[in-house]
Amino acid sequence: MVSSRVQKISVGGVGVPVRVSTDTRFSADSPVLLPSIGEYPVYDPQAYEFMIADKLRTDAYREAVRALAPGKVVLDIGTGQDAIWAVTAALAGASRVYAIEVIPEAARKAREAVARAGVADRVTVLEGLSTRIELPERVDLLVSEIIGTIGGSEGAEHVLDDARERFLKPGGDSIPHRCVTTVAAVDLRSLVPNGELAFSPLVVPYLEEVFASVGNPFDLRLCLIGLGHAQFLSTQAEVEDLRFNDPLPGDGIDRVRLRVTRAGKLHGLALGIRLWIADESAEPIDSIVQWTNWSPVYVPLSREGVDVVQGDEVVLELKRSLSDDGVHPDYQLTGEVLRNGLSSVDISWNSPHHGKEFRAADVYRSLFPAA
């Protein structure tokens, strides 16, 4: 059984205790708890390498870009330090490519990557938010990698709807094509036998960076590598359906019912994504079924677990609304566990992009124990 220790991180010059696992492995073979970082400007070479190492994602994007870019004007939003899809589009025969990157250091490295690839005559790297940038022309193809661990959590709805309206020609194409978020009830006992979650020591620096970017510690979203069908207690449902060639809704409410398929302890929910890169003729990338850089999100509901049996139901309402930064959504999940012959149990999970609540729930009081 893996043990843990408590160490302190610095947030605004104040030490914040964090529970850290003694297990230094980082693979799908062992549970790894990490913060969801894609929503924040904390990318570094290690994070970019982790994304590029996702062969499933990289191969699918490369195939789609090579098929759709020849002869086209292309826009790559969130190009990253390697400008990988901007360069791929240019090498595939795109006539012009605009690559947008908001992080200054990543934009600088992207220009270097473009020059190394010998395509600087066709690729222009622009620094800033795409919503605040003007292009000299409309484009035929819009490429982006701002899908989050929850499909829209990196601001895809706002950013890509703006890009589609202002930049994409009528009849133009978008990569990716569609993304839905999935939800299921889970029992963690087979994955975390002692019931104590702890962050991987490899991701602790990102905790500091996320908190610094927000300005304070808060109950941030949790990702749990290793979480999958073996922990499912219920059927799986789809919420937050994003179709990137159509107008995107922004705020929204999705209501679903999950049927409990076996007896167990309901500790929380697993949120994943299904992502269609080019179209829906092929099977989607599924972050619950497959090893990808989009790690499953764990929604903690009860540390002790709620007793459920086959035939019980979980009724859920997932609400998303734009946060005050004008880009990223805040999520709120409410509902109840309907148990045959037993009292129902209320469900509540509030997950803003940036918030003030810290140690509000049991799992966060364990992860960030009081000094």
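Points to keep in mind about this one:
- Test: residue 234 is buried (at least 22 other Cβ atoms within 10 Å of the Cβ) and of a type in the set (Gly, Ala, Ser): yes
- Pair list, Cβ < 6 Å and 6+ apart or interchain, from region 351-371 residues that are of a type in the set (Ser, Thr, Tyr) to residues that are buried (at least 19 other Cβ atoms within 10 Å of the Cβ): 351/221; 351/331; 364/219
- Counting only strands (runs of 3 or more DSSP E) that sit completely within region 286-371, those holding 1 or more residues that are among the aromatic types (Phe, Trp, Tyr) and under 19 Å from the mean Cα position of the chain (by Cα) correspond to 297-300, 329-338, 345-351.
- Qualifying positions in region 296-351 - open to solvent by 60 Å² or more (accessible area, probe 1.4 Å) and among the basic types (Lys, Arg): 303, 319
- Of the strands (runs of 3 or more DSSP E) lying entirely inside region 206-275, those containing at least 1 residues that are small (Gly, Ala, Ser) span 237-243, 252-259, 264-266.
- Single residue of 67, 94, 107 found to be open to solvent by less than 60 Å² (accessible area, probe 1.4 Å), more than 20 Å from the chain's Cα centre (by Cα) and farther than 22 Å from residue 148 by Cα: 94
- Sub-8 Å Cβ pairs linking a first residue in region 15-33 that is among the acidic types (Asp, Glu) to a second residue that is open to solvent by 40 Å² or more (accessible area, probe 1.4 Å) and at pLDDT below 85, at least 6 apart or interchain, are 23/2, ordered by first then second residue.
- Residue selected from region 352-371 under the condition at pLDDT 95 or above and of a type in the set (Lys, Arg), by the criterion least open to solvent (accessible area, probe 1.4 Å): 359
- Scanning region 134-163 for residues that are charged (D, E, K, R), in contact with a strand residue (DSSP E or B) (Cβ under 7 Å, 6 or more places away or on another chain) and open to solvent by 30 Å² or more (accessible area, probe 1.4 Å) yields a count of 3.
- Taken together, 22, 58 contain a single residue that is modelled with pLDDT under 95, in contact with a strand residue (DSSP E or B) (Cβ under 7 Å, 6 or more places away or on another chain), hydroxyl-bearing (Ser, Thr, Tyr) and surrounded by fewer than 19 Cβ atoms within 10 Å (Cβ to Cβ), which is 22.
- So residue 121, is it open to solvent by 50 Å² or more (accessible area, probe 1.4 Å), part of a loop (DSSP other than H, G, I, E, B) and modelled with pLDDT under 95: no
- Listed by first and then second residue, the pairs linking a residue in region 271-298 that is farther than 16 Å from residue 37 by Cβ to a residue that is among the hydroxyl-bearing types (Ser, Thr, Tyr) and in a strand (DSSP E or B), with Cβ atoms under 9 Å apart and 6 or more places separating them unless they lie on different chains, are 272/181; 272/182; 274/181; 274/182; 286/182; 288/182.
- Top-ranked residue in region 110-141 [being within 19 Å of residue 68 (Cβ to Cβ) and acidic (Asp, Glu); ranked as farthest from the chain's Cα centre (by Cα)]: 137
- Residues that are in contact (Cβ under 8 Å) with a residue 60 or more places away in the chain, closer than 21 Å to residue 317 by Cβ and either in contact with a His (Cβ under 9 Å, 6 or more places away or on another chain) or open to solvent by 50 Å² or more (accessible area, probe 1.4 Å) (or both) within region 244-269 comprise 248, 249, 250, 251, 253, 255, listed in sequence order.
- Test: residue in region 165-177 that is open to solvent by 30 Å² or more (accessible area, probe 1.4 Å), in a loop (DSSP other than H, G, I, E, B), in contact with a strand residue (DSSP E or B) (Cβ under 6 Å, 6 or more places away or on another chain) and not aliphatic (A, V, I, L, M): yes
- In a residue-by-residue description of region 188-202, the property of being closer than 29 Å to residue 113 by Cα, out of contact with any Cys (no Cβ under 6 Å at 6 or more places or on another chain) and touching a residue at least 60 places away in the same chain (Cβ under 8 Å) applies to at least one position.
- Among the candidates 51, 1, the residue that is out of contact with any Leu (no Cβ under 6 Å at 6 or more places or on another chain), in a loop (DSSP other than H, G, I, E, B) and at pLDDT below 95 is uniquely 1.
The values are calculated or read from the model by the stated rules, or taken from the named source; none is laboratory data. What you see is a predicted model, and the numbers here were worked out from it, not measured in a lab. Positions of Cβ are backbone-derived with ideal geometry, glycine not excepted, and every protein chain shown enters the neighbour counts. These area figures cover heavy atoms from the full protein model, side chains too; ligands, DNA and RNA do not enter into them. Shrake-Rupley method; radii C 1.70, N 1.55, O 1.52, S 1.80 Å.
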